[in-house]
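Student: A single structure is presented below for examination.
The values are calculated or read from the model by the stated rules, or taken from the named source; none is laboratory data. Since we're looking at a predicted model, the values are computed, not measured. With ideal geometry, Cβ positions are generated from the backbone for all residues, glycine too; neighbour counts draw on all protein chains shown.
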């Protein structure tokens with residue numbers, strides 16, 4: 001296996017500026033949605049650092065057309081040492097996409113491209129990061145929003161309601177427009193990953209929370225969720241940024257006495273609670289916008305509960321020492 005410390009990589013560093021429309025990394029990144037672009041830009045930055053022993057972390061400054069199988073194989077080997085399988089495979093995907101762009105731009109021959117991308121993905125799996133929220137925690141969050149009589153209170157209650165009841169990704173939430181919601185049916189149209197649309201239906205508390213927010217927001221076209229200033233005034237053109245979702249959830253968690261959680265933790269809770277309630281995993285997978293039922297199954301708590309109950313069938317004959325706690 002070729003090692004990155006011995007692989008000749010000097011030719012991979014671009015010494016002169018390259019037009020973006022001729023830069024394989026730029027062309028590849030431009031083909032992605034904003035959410036995917038950020039993560040793959042970061043992945044390519046990691047690869048750039050590995051290729052240049054940390055001298056260059058800007059992927060746009062790398063001569064990607066010079067990559068060969070030996071480079072990619074060495075990168076894969078190093079990534080396996082540093083990251084979980086999912087991260088390694090995502091990074092390899094970014095490399096393949098960039099090399100494909102180089103081939104399409106005529107900078108890489110078909111034979112060199114085919115050989116360079118002919119590395120196997122990494123097998124293995126990890127437990128999903130994050131946590132599920134308890135029913136009491138959701139109630140505390142909603143209670144805190146309900147006690148806040150400013151527009152932000154109504155907005156945040158609706159956001160939490162949608163994140164949990166529809167299993168929305170953060171990017172999906174911030175991309176929602178007023179036109180995506182039909183108040184007559186409770187139907188919400190969601191634009192998911194890879195421009196795949198799906199629908200969700202709001203009812204009970206989630207629908208009530210959104211209805212209260214819309215009564216304050218008004219019916220002007222535009223983003224469904226708008227920024228609210230410190231004075232309590234809504235900014236009509238203030239579509240919420242992704243980071244704003246993190247910030248408002250952190251604020252509500254602190255005020256409600258709830259342990260820290262991320263937007264994705266509400267999505268995780270959505271999947272787990274539906275499966276616990278007996279919903280068909282195929283239906284839940286479609287509701288979550290997962291490409292595969294296998295992804296949905298990773299959030300299923302029931303196998304873990306079965307393991308816990310099975311472990312209780314065993315008895316270790318040990319008696320606690322007196323005077324010890």
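Student: So, residue 211, is that one touching a residue at least 12 places away in the same chain (Cβ under 8 Å), touching a strand residue (DSSP E or B) at 6+ places or on another chain (Cβ under 9 Å) and either surrounded by fewer than 12 Cβ atoms within 10 Å (Cβ to Cβ) or in a helix (DSSP H, G or I) (or both) or not?
Tutor: no
Student: Go through the residues of the range 129-146 one by one and say whether even a single one is without any contact (Cβ under 8 Å) to a residue 24 or more places away in the chain and closer than 21 Å to residue 285 by Cα.
Tutor: Yes, the range 129-146 contains a residue that is without any contact (Cβ under 8 Å) to a residue 24 or more places away in the chain and closer than 21 Å to residue 285 by Cα.
Student: Quick one: is residue 279 surrounded by fewer than 19 Cβ atoms within 10 Å (Cβ to Cβ), part of a loop (DSSP other than H, G, I, E, B) and either at pLDDT 85 or above or within 21 Å of the chain's Cα centre (by Cα) (or both)? Can you show your working first?
Tutor: Working: surrounded by fewer than 19 Cβ atoms within 10 Å (Cβ to Cβ): yes; part of a loop (DSSP other than H, G, I, E, B): yes; either at pLDDT 85 or above or within 21 Å of the chain's Cα centre (by Cα) (or both): yes.
For residue 279, the condition - surrounded by fewer than 19 Cβ atoms within 10 Å (Cβ to Cβ), part of a loop (DSSP other than H, G, I, E, B) and either at pLDDT 85 or above or within 21 Å of the chain's Cα centre (by Cα) (or both) - is met.
Student: Return yes when residue 194 is touching a strand residue (DSSP E or B) at 6+ places or on another chain (Cβ under 8 Å) and either surrounded by fewer than 16 Cβ atoms within 10 Å (Cβ to Cβ) or modelled with pLDDT of 95 or more (or both) and no when it is not.
Tutor: Values: touching a strand residue (DSSP E or B) at 6+ places or on another chain (Cβ under 8 Å): no; either surrounded by fewer than 16 Cβ atoms within 10 Å (Cβ to Cβ) or modelled with pLDDT of 95 or more (or both): yes.
Judged against the criteria, residue 194 is not a match.
Student: Could you figure out which of (1) surrounded by 13 or more Cβ atoms within 10 Å (Cβ to Cβ); (2) free of Cβ contacts under 8 Å to residues at least 40 places away in the same chain; (3) in a loop (DSSP other than H, G, I, E, B) isn't true of residue 323?
Tutor: Just one mismatch for residue 323, condition (1).
Student: Next question, about the same structure. Does any residue of the range 232-241 turn out to be touching a residue at least 12 places away in the same chain (Cβ under 8 Å), in a helix (DSSP H, G or I) and over 18 Å from residue 206 (Cβ atoms)?
Tutor: no
Student: Return the pair list, or none, for Cβ contacts closer than 6 Å from residues in the range 183-208 that are under 24 Å from residue 35 (Cα atoms) to residues that are in a loop (DSSP other than H, G, I, E, B), at least 6 apart or on different chains.
Tutor: Partner pairs satisfying both residue conditions: 192/289; 198/192; 198/289; 200/166.
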